[in-house]
Every structure is written in structure tokens, then in C-alpha cells.
1. Give the peptides 326-338, 35-47 in descending order of average Cβ contacts within 10 Å, highest first.
2. Does the range 248-388 come out rounded, prolate or oblate by the C-alpha gyration tensor, with a ≥ b ≥ c the root eigenvalues, rounded set by a/c under 1.5 and, if not, prolate when a/b is larger than b/c and oblate if not?
3. Let me know the charge dipole size of the chain about its Cα centre in debye, to the nearest 20, where only the beta-carbon of Lys, Arg (+1) and Asp, Glu (-1) is charged.
4. Tell me the net charge near GLY340. Cut-off is 14 Å between Cβ atoms, GLY340 excluded, with +1 for each Lys or Arg and -1 for each Asp or Glu.
5. With point charges of +1 on the Cβ of Lys and Arg and -1 on the Cβ of Asp and Glu, referenced to the Cα centre of the chain, which listed residue (LEU88, PRO37, ASN296) lies farthest in the positive direction of the dipole?
6. Add +1 for every Lys or Arg and -1 for every Asp or Glu among the other residues with Cβ under 13 Å from the Cβ of PRO234, and state the total.
7. Over the range 105-196, what is the mean sequence separation of C-alpha contacts under 8 Å (at least six apart), divided by residue count, expressed as relative contact order in percent?
8. Nothing charged except the Cβ atoms of Lys and Arg (+1) and of Asp and Glu (-1): what's the magnitude of the dipole of the range 182-223 about its Cα centre? Round to the nearest 20 debye.
Amino acid sequence: MIIAIAEQCGLTLFQFDIRGAFLCADIDREIYLKLPPGYEPPPGKTAKLRRSLYGLKQAPSAFHKLFEQWLLKYGFKPIGSDRVTFMLKRGTSVILLSIYVDDGIAATNDPKMYKEFLSQLSKDFELSDQGPISWYLGTNIKQDPANRRIELSQAQYVKDILERFGMTGANPVSTPLEPNTHLTRDDCPAPGQVNKQFRREYQRIVGSLMYLASFTRPDLAHAVNQCSRFMANPGPSHMEAARRILRYLAGTAHLGLTYEAQPASRANLLWGFADADHAGDPDTRRSVTGYVTMLNGAAISWGSNRQQVVALSSSEAEFYAASAAGCDVSYFRMLLDQIGLTQRDPTVVFEDNWACIHLSRNSVLHHKTKHIDVRVYHLRDLCRLGVMNLLKVSTTDMVADALTKALPRPAFTAHRSVMMNLKRVIQ
């Protein structure tokens, strides 16, 4: 979200790293150590830990509390409820800051104020100023100020995992899953017959793909979600599906998210899609939710997951999906409002089911809908309060369809192009 805003508002992106971050904080409880051979304490004595230490489960929390206190003292204000995003505003100058463990990303319209901030920060922490952002958390970030575009790509990470799993030079395929594929438990080995080496390899592949699917590749979300259901007991068909995703990546390693400045009428305007595949899981007959939230040209958040309850109709499944999209929209509207980019109109979320749209607008209950869990009815409140507005879109234009099922190539590439803002779609 910060990267998308930076491109629209003409902010400059910087990054920094805090060295030995976990060693900076004190600990708030008594912890004793067993020293390694050669460093034994005197008889009757033991070693008491005075500062935080890498490997200590309290270390990340202790450092984050210390760093947050420093930021608040300096004048930053937390944005949102997770307290990893902060804003400093002095007159017309602003710094938007996001922290991931010990890595920081900042967007500012005043580089001088940012340099002053780093100078003060370096007095209390060992700091590595990495200048304008280019490589962050395994992602290549390419800024194009002339065209007001910014591209996020994990091409190097893709190449690394292809090499790790022996798929370099593999035959590319055009979709992550074979169209109309639904992975099932039918192929899982019987209890006690699990090949542990086979399972470890499968877990390594899917685990590597999860990072891509959750960071810069929404086009992988559904396929990875399908494979992740069988982490404990994969069969041959599941391994084949995981390796197909790698084959898909072999031909699309360079793809990523592209944000670009929008016309004034659409600047920093939040919108999205919500969809469901009714009874899409053959094993449980639970439906699959798919949603994507868009900002300044491309997706900033997306989800593909199996619903927690069995939906008795397609409209009920769509209602659950729209509710999930509503939670996402509410969160980002809150963040944008606190930054000063208030969404003045209800956020448009496109939906392809008329019954779901009517249910969100009308409080009519009958025997077909009264069993729906009460918690989902917050969607109606969101629509009533003007937080979001469900609008009808044809199924062929439903971008979130790519997050709920394995589609044929034409539909998949069209939806992928919208989510990731691709100017050229790989055929």
C-alpha cells in the first residue's frame, strides 16, 4: 500500500536496516543460560541473561517494543492496529514508515527530513542506510519517476527456487494448474505409509511458493492454496501439481506488480473484486473464497482460501466471500484515512451474484438465508454505512475468479493482467 501511494503522490522510497536488532533490547523476565563447553561458570553459579539474544522467542517482541517507543518519542504516530506502520508529519513534510522485523521502508516528500531522522536513529541503533529502495525482502523494486511507475518483481527468487528444485530449463506452461483441476485426498497415502523424504521435498516446494503467492504473485494464490492443504500427507498428484506451478514460473519469472499514477478522479481510490467457487473442495464440499483489493493500478491485498463452513447455495458462498472482502476493505480504508487519504465514497467491490448483492442491501430474511452465521451480516452494515458498495459485474469480467478455481488460459491471463497491471500478457 505504501509503495502504491508513493508512486501516486510522488514520494521517494528509501530503505534501511538495523544491525544486530535483537541484541538492542533489554528483557522483562529472568532467563538463565546453559553455557557451551569451555565456558562453564564456577561451581554453584549459572549465567543470567541481561539483554535480548537471537534465538530467544521473546527477542522479536522485545526489539519491536523498544523501536516503537523510540519512534513515538521522535514524533511518529502509529497507523492501523498492527503497529508496524508509522507516520511523521511536520507541516507539509511527511514520512510514511513500515517495519518488517529489522528492515524499514520509508516514503517521503522531504529527503532532508528523512536524513535527519536517520541521523537521530543512528545515535541509538547501529544503522545501515541503504539509500533509495531497490531490493527489499527478496523483491526487486524498480522506480521509473519519468513515467510515474514502480515495478515489484521477485525474478531472482524464482530463479533460485527453480535451481533449488532442479527445474531450471523446465518446459513452461501457461497456467499454474491444469484447467478445472481440483486436488483431493484420494491420492494421499495411507497412514503409516508416508514417505518422509517425499513429504519434506513437497513441503519445501510449497513453502517456497507461499512467499511468492503472498507477496508479489497473486496469480499463484489459488494453486498454492490447493497444494498447501496436503502438506502433512501429499500424494503423487499433489507433487505433480506443485511442480507444475514451478513450470509456470519458469515461463513467467519476470512478472510482478506494477503501480502507476492514476488520473485525479481515481487517485488513491480503493476498489476490488469478490468471488466464490461454490462447493469447490471435493473432499469437504466447502466453497472457495477469492478476493482482491486494488489501489493505483494493481493489487495491494488478495486472498484465496477454503471457507470455514459448508455453504448451502452459491449465493451463500458469495456472501461469505463478499464479507471477507469487506474486512479487507475496512482495514485499508482505516489506514488510508489515518494517512490523510480518506475514501469519500463507498469502496466499490465487484460481485457477479445478484442474490448476494440484494442480500447486502435488504434486510429481508427467509428460510433460505436465516441459517447464515450472524457474523457475516456485518456486510450489510458495511453497505448501509457507506463503507463499501457491491456492484454487479459479469462472470467473464470477474477478476477474483482466478483466485477461486483453475481457469483456462485466456480467462486466467486476462484476470492476471488486471490484478498485476501487466501491459503485455505472456501467451
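The values are calculated or read from the model by the stated rules, or taken from the named source; none is laboratory data. The shown structure was predicted, so the numbers you read here are calculated from the model rather than taken from an experiment. Cβ coordinates were reconstructed from backbone atoms using ideal geometry, including for glycine residues, and neighbour counts include every protein chain displayed. Please note that ligands, DNA and RNA were not included when accessible areas were found on the heavy atoms of the full protein model with its side chains. Shrake-Rupley method; radii C 1.70, N 1.55, O 1.52, S 1.80 Å.
1. Top to bottom by mean Cβ count within 10 Å: 326-338, 35-47.
2. Oblate is the answer for the range 248-388, as a/c is 1.5 or above yet b/c matches or exceeds a/b.
3. I would put it at about 500 debye.
4. Numbers: positive: LYS77, LYS89, ARG90, ARG333, ARG344; negative: ASP337.
Counting the neighbours of GLY340, the net charge comes to +4.
5. So the residue we want is PRO37.
6. Details: positive: ARG185, LYS196, ARG199, ARG200, ARG204, ARG229, ARG243; negative: ASP186, ASP187, GLU201, GLU240.
Overall, the nearby charge balance is +3.
7. Relative contact order comes out at 12 percent.
8. Details: 6 positive and 4 negative charges, 45 e Å.
Dipole about the Cα centre, nearest 20: 220 debye.
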